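Okay, so here's the structure we're looking at.
The values are calculated or read from the model by the stated rules, or taken from the named source; none is laboratory data. Note that the structure is predicted; figures quoted are calculated from it, not measured. Heads up, the Cβs are rebuilt from the backbone with ideal geometry, glycines too, and the neighbour counts pull from every protein chain shown. For the accessible areas, the whole protein counts, side chains as well, though only heavy atoms, and no ligand, DNA or RNA atoms are used. Shrake-Rupley method; radii C 1.70, N 1.55, O 1.52, S 1.80 Å.
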Amino acid sequence: MLKSALLRLLALGLVLLLQQPGRTAGQNLRDPRKRAAAALKAANAKGQCCEDVRALKVQVANLSSLLEELTRKQDTVVRQMMELDNQNRVQEARVTEAESKYSEINNRVEIIQLQASQSITQTSSDAIYDCASLYGRSYKISGEYKLPADGYLGTPELEVFCDMESNGGGWTVIQRRKVGLTSFDRDWKQYKKGFGAIRGDFWLGNENIFRLTRQPTVLRIELEDWEGETRYAEYQHFTLSNELNSYKLFISSYSGNAGQDSLRYHNNTNFSTKNKDNDKCVDDCAQLRKGGYWYNCCTDSNLNGVFYRYGEHIRNTDGITWYGWHGPNYSLKRVEMKIRPQNFQP
Ligand SMILES: [Ca+2]
């Protein structure tokens, strides 16, 4: 706008300069009076023209300073906008930080609520819903048992293997690896329902484990390597969320002699299978580690990994691993995962 106004004014000045009368009225000046009149007229015109030019110059100067001022203002506005942008970014960072703190707190509240809802569970004393209640009824020999359906826990009739010896007994075994013929590279449905042979290698099923751990539950993991050494890891609290929440793992209070706690990394993580990538990784951990597990990104343990025989057991990263004892490449010879209620009395 301003530039075009300036240009118009300059053009006008040019036209005025070209129209100086002295140049156009230069012919019939023989008459001295006429000459004098013409001279006077020219002088007047010249004065008029010069005044016009002066006025134009003033206007041009004014416009220039106006332009400068506007440019300065524009710079200020740009700076202010940049400042606002920065402030915005700082604000956003604060919001993100607040959000992550909120989700952390929310997570804790979730666990507390879950635990609270579990601790109010009171089962009738004569109900048989797990190996601990069988133990309480004096079934003290380890082996295969059939649990009747329990309306309170919502468990269906279930075939289980009870460990009535380890650390006081009363354990319901939820997983075993020892034979190595059953593949654990299964899909979501199979992990949900359970698979394998109750006397050999098996997974009890996420739905069953979820139901059995609705009361406060202890998890015990027993490991054996190819040199015949054994280790164990125990968690005072163990539970899964339901299928809608992808059987998310909750564990706490580790004790044992299996080195650094290698399940902790998987805490608060959804269950994944080869056809359901619920892990916390760009990679597909279930495909990479060839099992169903609470994959993070991806593993610190892989108890449902591939069973490798002696000799093959130190060459792969998808074996039955527990990093805290033998690292990421050593596939164990035997594993058992078992649960019992927190209030169990041997
Ligand atoms: Ca993934």
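Using modelled backbone amide H atoms (1.01 Å from N, in-plane), which distant-in-sequence or interchain residues come within less than 5 Å of Arg334's amide H?
Glu224
Can you pull the one-decimal nm distance between simple spin-label points at Leu70 and Glu229, each 7 Å off the Cα toward Cβ?
Between Leu70 and Glu229, the label points sit 8.2 nm apart.
Summing +1 for each Lys or Arg and -1 for each Asp or Glu, what net charge is found among the other residues whose Cβ lies under 10 Å from the Cβ of Tyr191?
After counting each charged neighbour, the total is +4.
From the protein chains alone at 1.4 Å, what is the descending order of accessible area for Thr172, Thr230, largest first? Please list the in-between numbers first.
Numbers: Thr172 0, Thr230 85 Å².
Sorted by accessible area, descending: Thr230, Thr172.
In what sequence, highest mean first, do 130-143, 267-280 appear when ranked by Cβ atoms within 10 angstrom?
By packing density, highest mean first, the sequence is 267-280, 130-143.
Need the full-extension length gain, Ser183 to Ala149, defined as separation in residues times 0.36 nm minus the C-alpha distance. One decimal, nm.
Result: 9.4 nm gained on full extension.
Equivalent ellipsoid semi-axes for the stretch 197-315, as square roots of 5 times the alpha carbon gyration tensor eigenvalues: give them largest first, rounded to whole Å.
Listed largest to smallest, the semi-axes of the stretch 197-315 are 22, 19, 15 Å.
Which pairs in the list Lys146/Lys276; Lys248/Lys280; Lys101/Lys189; Lys140/Lys189; Lys101/Lys276 are over 24 Å apart, alpha-carbon to alpha-carbon?
Lys146/Lys276; Lys101/Lys189; Lys140/Lys189; Lys101/Lys276
For the stretch 214-284, with every protein chain kept in place, what is the accessible area per residue (1.4 Å probe, Å²)?
Per residue, the stretch 214-284 has 44 Å² of solvent-accessible surface.
How about Lys73: which lysines have a C-alpha closer than 21 Å to its C-alpha, ignoring those fewer than 8 places off in the same chain?
Correct list for Lys73: Lys3.
Give me the aspartates and glutamates in straight-line cross-link reach of Lys178: C-alpha distance below 12 Å, same-chain residues under 8 apart excluded.
Excluding near neighbours in sequence, the set is Asp201, Glu222, Glu224, Asp225, Glu336.
What FRET efficiency do you get for Ile314 and Asn343 if R0 is 35 Å and r is their Cβ-Cβ distance, rounded to the nearest 0.05?
On the way: r = 41 Å, r/R0 = 1.18.
That pair, Ile314 with Asn343, gives E of 0.25.
Checking the cross-link filter: which lysines have an alpha carbon closer than 28 Å to that of Lys41, excluding same-chain neighbours under 8 positions apart?
Partners found: Lys57.
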